[in-house]
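Engineer: Please read through the structure below; I'll follow up with questions.
Values in this text are rule-based calculations from the coordinates and carry no lab data. All values reported here derive from a predicted model rather than from experimental measurement. A quick note on method: Cβ atoms are made from the backbone with ideal geometry, for glycine too, and the neighbour counts reach across all protein chains shown.
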């Protein structure tokens, strides 16, 4: 069941190319979090910046703890999203 749910979720994904604007925003998020003592991996900052650049506030993730450090996002686990 979980594998089918994963493929169902992935079928909804659009690929967004990483551009300079997203990279700069990711760097700002990363730097701000370091300054606040809340550092997370740069790849999570890239995901957040990509989402925010598209005005998408909802993040579906298994790493809610890291994304909770970025206040402008709404975080959901895949299971929570599927229950909606």
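Engineer: Out of all the residues in the stretch 62-72, is one or more in contact with a strand residue (DSSP E or B) (Cβ under 8 Å, 6 or more places away or on another chain) and part of a helix (DSSP H, G or I)?
Structural biologist: Checked the stretch 62-72: at least one residue is in contact with a strand residue (DSSP E or B) (Cβ under 8 Å, 6 or more places away or on another chain) and part of a helix (DSSP H, G or I).
Engineer: Within the stretch 73-84, which residues are outside any strand (DSSP E or B) and under 24 Å from residue 24 (Cβ atoms)?
Structural biologist: 73
Engineer: Every residue in the stretch 8-44 that is outside any helix (DSSP H, G or I), touching a helix residue (DSSP H, G or I) at 6+ places or on another chain (Cβ under 7 Å) and within 16 Å of residue 71 (Cβ to Cβ), please.
Structural biologist: Within the stretch 8-44, 39, 40 qualify.
Engineer: Additional query: Quick one: how many residues across the stretch 45-60 are surrounded by fewer than 18 Cβ atoms within 10 Å (Cβ to Cβ) and outside any helix (DSSP H, G or I)?
Structural biologist: Summing the residues that are surrounded by fewer than 18 Cβ atoms within 10 Å (Cβ to Cβ) and outside any helix (DSSP H, G or I) in the stretch 45-60 gives 5.
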